[in-house]
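The values are calculated or read from the model by the stated rules, or taken from the named source; none is laboratory data. Keep in mind that what you see is a predicted model, and the values were worked out from it rather than measured. Cβ placement follows ideal geometry from the backbone for every residue including glycine, while neighbour counts extend to all protein chains displayed. The protein model used for the area step is the full one, side chains on, heavy atoms only, and it has no ligands, DNA or RNA in it. Shrake-Rupley method; radii C 1.70, N 1.55, O 1.52, S 1.80 Å.
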Amino acid sequence: MSFELLRQEIIDAGLCQGCGLCAGSCKHIEMDLRRPTLKDYCILERDGQDCGKCYQNCPQVIQKKFKKEQPFAIYSLRSKDPDILKKASSGGFVTTFVKELLGSKSIKEVVMVQEEDEKPAAEIVSDPNEVIQKAGVIYGRSGVLKRLVELTGKTFDPIGIVGVPCEMRGAADLEEEMNREILKIGLFCSSQMRTEQTDKGLVCSPCCNGCPSGVNAQGYISLIRQGKYQDAVDLIRENNPLPSICGRICTNECEHGCTLIGDDHPVAIRELKKFVTEWEIESAKNRAKVNAKLPKNAKKIAIIGSGPAGLTAAYFLRRKGYAPTIFEKTDQIGGMLRFGVPQFRLPNYVLDYDVGRIIDSGVEVKLNKPLGPEMTIKDLNNEGFEAIFIATGQYKPRTLHLEGENLPNVHVAIHFLMDRKYRYWENKEEFKGKTLGIIGGGAVAVDVAQTALRLGAEKVHLVDIMSKEQLELVLRDIPENEMEFINFHFTTSTSKITQDRDEKLVLNCYNIEWGNPDKNGRRPLNKIEGSDYKIIVDSIVIAVGQAVDFEQIDVATNNELEKERNRIKVNEITFETNIPGVFAGGDIISNSKAVAIAAIAHGKEAAISIDRYLKGENLMEGRYKIDKSFFTGPKKPPKDYSLKPETLDAATEEINWNFDEIDQMFNEEMALQEARRCLSCNHFCSHCQDFPAIYSDLTAGEVGSKEGYTTVLVWTERGKKLVEDAIKKGLFEQGKVDEEALKDAINLKTKRELMKFEKTPRQQVLNYISLQGPSTITEIVNQTGLDPKKARYEALRLVQLMELEMKSEPKMEEPIFSIICD
């Protein structure tokens, strides 16, 4: 049982929780990038001395089947300390309770997770005030059991630990092994990371929680690591039917919460998706095409628009057994992906592949069929369509209504891009030697700039009211060498467009500063006096967004569709409109995030709603508003970014003025190397049944209490006394416990399957004697196939650990080992 076994079965399998117990138990192991590594050598591998503590003590190896325990007491408590409530999670119970324990000397020190550079770090705390200062931290890989081992080795004073269920299981075993009394304060599984996913009983890593469509990134990265590339793509497609497209243009918010940030750069998740989907595209060339057949009498559903939201809704509805038909107003499928995203970012073959798979699944497509007077909602209902999903996007260009917008050579971004992508533009030197001005600095403005450079432009100026920091995410996607030809004018506004004597266009600009927010949270733009200046250009493109053109939609819906901020108003959980049976998603809805992955999420959720609607089920039950993922973009750039290998980075930075894809791809070696960096966060939770941390003295969490209160379950007499004493001191106000909600959460997790590990030699010896009764080493060896030396060593170690007893008499040929009976 060397460290190699721990690495194979736990660390590489993504089951390590980063508790650090192995590092605390062995001087040859250290925590590096929040996972165990050998500092120098394993004594088994070098000296042949069999220790095995790192493996045998691992909380994942010693998983126990959940046993239903009746708690001594259940409370719903809220701290009365206003300072704690400002910082702590839920009702502030744990922070208040630990402060009281330290202040009253009930315990001298406690191991708990504190915040260090915005990352969880296990600390030994003795000062009650320090508990408050660092309250409210998010739990994660912190090495908390490593700290506990350190603490038990240096003091015999009463101590405690705060941690999640698996850490409590390790602490309980450590307490027994070291014959120490340790106060164990548990937390409900993932209670500090509570999201709509965990409420549904799902276990998600930070990357999964950051994905609007809920793609299990750590899951498919684990499959890539194992070389199971098709399985990896299939797993992505369970939540996202456009994986190849997202491998190119996704905003990769999954990377923003990567656990490695702070210790290392985040895993390059989008690049790995790109690698594995490209592998599938290549492999598919040798595969026979299979077209799915629709079931008889399948209910018909109309999808209006073939952008990411429409394609996704059609895909998931088809999987549910319906007969979706996509109605597309143009002669090509893909929506803005097809018409607005340049080929150097999203090649046609990639788009065609994902679209083709959806069509091959049995989705019907009708081109040149716009929603309007020739095809109304009523017409579709009359044709037998029982539900309708509107996802027509935004194609009406916005402008700033500036003086001079109607001058020659002033364009709008959407028409500029569409004309040069799909209207057979032959003028490859349209802007040769010319300068282009762009009003706007977002992703679409950059697409315009890069397109113009490929058509010969010498220089491009982008004018935007945002600061460099606010546009950081956009700027990072521009190859460094291309930035030499692009000049951003940050925190700058345009007053008007004019022409000079040479008929050149002039952007009349001035610098601005953002004022303080008003009562509605809006910040005014204040002109900096005397900052006016001019930018002389040959052409101008206005890239300040698009709007919904409701003219045809209003006719088709008989003006019944309710709107908000000039977009369709929907229920933000079900995506229903005010018209029964009509749903909407993508850029057309109010408060839309306006990125492809959010539109994909809308389509997926709308498919769930339509399925329930047609079955007469409750559309809202068990569902939650996912504001951050569906409707709100990142408020600030991430703390760090994923990196590409140097060879890939260099290839990406080479200037090649054509419309071939800018970014290169990981080769297999690069992809496997990057996949191995992934910590597989929270994967271990998928195989644990213990939601309420029953090996603790008491457990705290949100489930079972109303907002602002903490549910507390007490599992020992000692725990009950300490909680009752704290209540009597007036530290908490009490609320009502929802025991049904608590029971549901506990039962949900007990249904998970425990991981089955190959039995260790020690476990094999113990199991054999437990089943067969008193046995000799010869009998054990004959039945288990173990090496005689190994079997003898393990039996003797079990005697030392007081799990077996050994009987040896002069007339006996060899000792007999048996279970110690209590």
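Among the residues of segment 152-176, those that are out of contact with any helix residue (DSSP H, G or I) (no Cβ under 8 Å at 6 or more places or on another chain), in a helix (DSSP H, G or I) and touching a residue at least 24 places away in the same chain (Cβ under 8 Å) comprise Pro165, Met168, Arg169, Ala172, Asp173.
Among the residues of segment 695-721, what is the count of those that are open to solvent by 30 Å² or more (accessible area, probe 1.4 Å) and not in a loop (DSSP other than H, G, I, E, B)? Residues flagged as open to solvent by 30 Å² or more (accessible area, probe 1.4 Å) and not in a loop (DSSP other than H, G, I, E, B) within segment 695-721 amount to 4. Take the conditions (1) assigned to a loop (DSSP other than H, G, I, E, B); (2) open to solvent by less than 20 Å² (accessible area, probe 1.4 Å); Leu311 misses just one of them, which is (1). Looking at segment 339-359, can you tell me whether even one residue there is at pLDDT below 95, part of a helix (DSSP H, G or I) and under 20 Å from Ile588 (Cβ atoms)? Within segment 339-359 (the criterion being at pLDDT below 95, part of a helix (DSSP H, G or I) and under 20 Å from Ile588 (Cβ atoms)), the answer is yes, since at least one residue qualifies. Of all residues in segment 318-338, those that are surrounded by fewer than 19 Cβ atoms within 10 Å (Cβ to Cβ) and either under 26 Å from the mean Cα position of the chain (by Cα) or more than 20 Å from Ile301 (Cβ to Cβ) (or both) total 5. Close contacts from segment 572-595, counting a first residue that is within 19 Å of Tyr613 (Cβ to Cβ) and among the charged types (D, E, K, R) and a second that is surrounded by fewer than 23 Cβ atoms within 10 Å (Cβ to Cβ) and modelled with pLDDT of 90 or more, with Cβ to Cβ under 7 Å and a gap of 6+ residues or different chains, come to Glu576/Leu619.
If only residues of segment 432-466 that are without any contact (Cβ under 8 Å) to a residue 40 or more places away in the chain and farther than 18 Å from Asn658 by Cα are counted, the one that is farthest from the chain's Cα centre (by Cα) is Leu462. Among the residues of segment 506-553, those identified as out of contact with any Gly (no Cβ under 6 Å at 6 or more places or on another chain), in contact (Cβ under 8 Å) with a residue 60 or more places away in the chain and among the polar types (S, T, N, Q) are Ser539, Gln546. Residue count for segment 253-290, restricted to those that are open to solvent by 30 Å² or more (accessible area, probe 1.4 Å) and either of a type in the set (Lys, Arg) or under 23 Å from Met336 (Cβ atoms) (or both): 4. So which residues in segment 316-338 are assigned to a helix (DSSP H, G or I), touching a helix residue (DSSP H, G or I) at 6+ places or on another chain (Cβ under 7 Å) and not aliphatic (A, V, I, L, M), if there are any at all? Listed by number, the residues that qualify are Phe316, Arg338.
Among the residues making up segment 440-474, those that are in a helix (DSSP H, G or I) and out of contact with any strand residue (DSSP E or B) (no Cβ under 7 Å at 6 or more places or on another chain) are Ala443, Val444, Val446, Asp447, Gln450, Thr451, Arg454, Glu472, Leu473, Val474. Among all residues of segment 726-737, there is at least one that is closer than 23 Å to Gly103 by Cα, polar (S, T, N, Q) and surrounded by fewer than 22 Cβ atoms within 10 Å (Cβ to Cβ). For residues in segment 366-425 being acidic (Asp, Glu) and assigned to a strand (DSSP E or B), which is nearest to Glu503 (Cα to Cα)? So, considering only residues that are acidic (Asp, Glu) and assigned to a strand (DSSP E or B), the one nearest to Glu503 (Cα to Cα) is Glu403. If you go through segment 789-809 and keep only what is under 15 Å from Gln764 (Cα atoms), in contact (Cβ under 8 Å) with a residue 12 or more places away in the chain and not aromatic (Phe, Trp, Tyr), you end up with Lys790, Ala791, Arg792, Glu794, Ala795, Arg797, Leu798, Val799, Glu803, Leu804. Selection over segment 525-580 of residues that are open to solvent by 60 Å² or more (accessible area, probe 1.4 Å) and in a loop (DSSP other than H, G, I, E, B) gives a count of 14.
Residues in segment 156-177: is at least one out of contact with any Ser or Thr (no Cβ under 9 Å at 6 or more places or on another chain), at pLDDT 90 or above and open to solvent by 40 Å² or more (accessible area, probe 1.4 Å)? Yes, segment 156-177 has at least one match.
Scanning segment 32-72 for residues that are of a type in the set (A, V, I, L, M), modelled with pLDDT of 80 or more and not in a loop (DSSP other than H, G, I, E, B) yields a total of 1. Is there a residue being under 20 Å from Ser539 (Cα atoms) and either open to solvent by less than 50 Å² (accessible area, probe 1.4 Å) or modelled with pLDDT under 90 (or both) anywhere in segment 465-481? Within segment 465-481 (the criterion being under 20 Å from Ser539 (Cα atoms) and either open to solvent by less than 50 Å² (accessible area, probe 1.4 Å) or modelled with pLDDT under 90 (or both)), the answer is no, since none of the residues qualifies.
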